[in-house]
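> This is the structure, below, for whatever I ask next.
The numbers here are math on the coordinates, done by the rules we state, and not lab data. Predicted model only: the values in this text are computed from it and were never measured. Heads up, the Cβs are rebuilt from the backbone with ideal geometry, glycines too, and the neighbour counts pull from every protein chain shown.
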Amino acid sequence: MDQAEQLRNIIKQQNMKPHSARVITVTSGKGGVGKSNVSVNLAIQMSRMGKKTVILDADFGLANIEIMLGIRPRYNLADMMFRGREVKDIICTGPEGIGFISGGSGLREMTNLNRDQILSLVRMMYELDHYADVVIIDTGAGISDAVIELVASSSEVLLVATPEPTSITDAYALLKTLHRHNGFDPTATSIKMIGNRIQSYEEGRELYLKLNTVVNKFLGMDMDYLGAIPYDERLPKAVMQQQPLSLAFPDAPAARAMLELALVLEDEKKEISPMDTTRGIAGFFTKVFKHQFRSR
């Protein structure tokens, strides 16, 4: 019996209840395109819509979200995995009531977990499922193994890109690497592109059509277009204030665009079957482990 089969049996033996949280993974082909800003502001807008929203910062190389939220977490995911902390211990409360979990080194160390540690982590993630309505995973930028593993395990992916040629090239490189990943199933993953720092909504759609045409032609994949966020000079001012744009300047064009994106995502939720077994943060991590075992 291989390790992936062992994991399936472990989960089945626990007779765990269906999970409920919606998991949305935000990624980008390169750094500096505003990915973390999108994650934070979407979380705030969703929280304002009455959703219990938690951000999991999976970019363990940087602390961008901590800085944006003005939060210094006492504990992180690694403390829960290896040092006896519970889910409630590692969730910090941010503005507008959003939750925040720092990945720390936990995500990097997941490849070394034994059977009992995997089961313990999945159980704890089921607890998070019942706490949150939405979990937004902010990945690291680029195409590292850790980023591709997280994206390949996701049922909903938001790909942030700007009109810069390097951003388009790197976004395509990420999708190409994802397409080659053994555990990636394009029929089980919805990829939606967000055009960021665009000068007009026409430019945003043009960006999507340009990238999607290449992706369809050479990878046989299709993306959807979620929408665009205009270039907004108030965004760097909000960053300097260590406040999310949606709080510092709620009427700014980019903040209003974030609200529109959140409304579209909420409307799309109606089309997601409640029996979709890929949903939930526990289900998400179960898929991550299966992918890792399959590649060993």
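> Given the Cα-Cα distance of H130 and T93 and 0.36 nm per residue of separation, how much length would full extension add, in nm?
11.7 nm is the gain from fully extending H130 to T93.
> While we're here: What ranking, highest mean first, results for peptides 65-77, 123-135, 229-241, 29-41 when packing means the other Cβ atoms within 10 Å averaged over each residue?
Values: 65-77: 18.5, 123-135: 20.6, 229-241: 16.5, 29-41: 23.2.
Going from most to least packed, we get 29-41, 123-135, 65-77, 229-241.
> Does segment 120-225 come out rounded, prolate or oblate by the C-alpha gyration tensor, with a ≥ b ≥ c the root eigenvalues, rounded set by a/c under 1.5 and, if not, prolate when a/b is larger than b/c and oblate if not?
prolate
> Charges only on Cβ, +1 for Lys and Arg, -1 for Asp and Glu: so what's the dipole of segment 129-197 about the Cα centre, in debye to the nearest 20?
On the way: 4 positive and 9 negative charges, 64 e Å.
Taking the Cα centre of segment 129-197 as origin, the dipole is about 300 debye.
> Moving to a separate point now. Take R180 and F82, extend 7 Å from each Cα along the Cα→Cβ direction, and tell me the distance between the two endpoints in nm.
3.0
> Starting at the first residue of segment 167-174, write each ³J(HN,Hα) from the Karplus equation 6.51 cos²θ - 1.76 cosθ + 1.60 with θ = phi - 60°, in whole Hz, x for Gly and Pro.
In residue order, the calculated couplings are 5, 5, 4, 6, 5, 5, 4, 4 Hz.
> Taking the Cα-to-Cβ direction at K210 and at D224 and moving 7 Å from each Cα, how far apart do the two end points lie in nm?
With each label point 7 Å from Cα toward Cβ, the separation is 2.4 nm.
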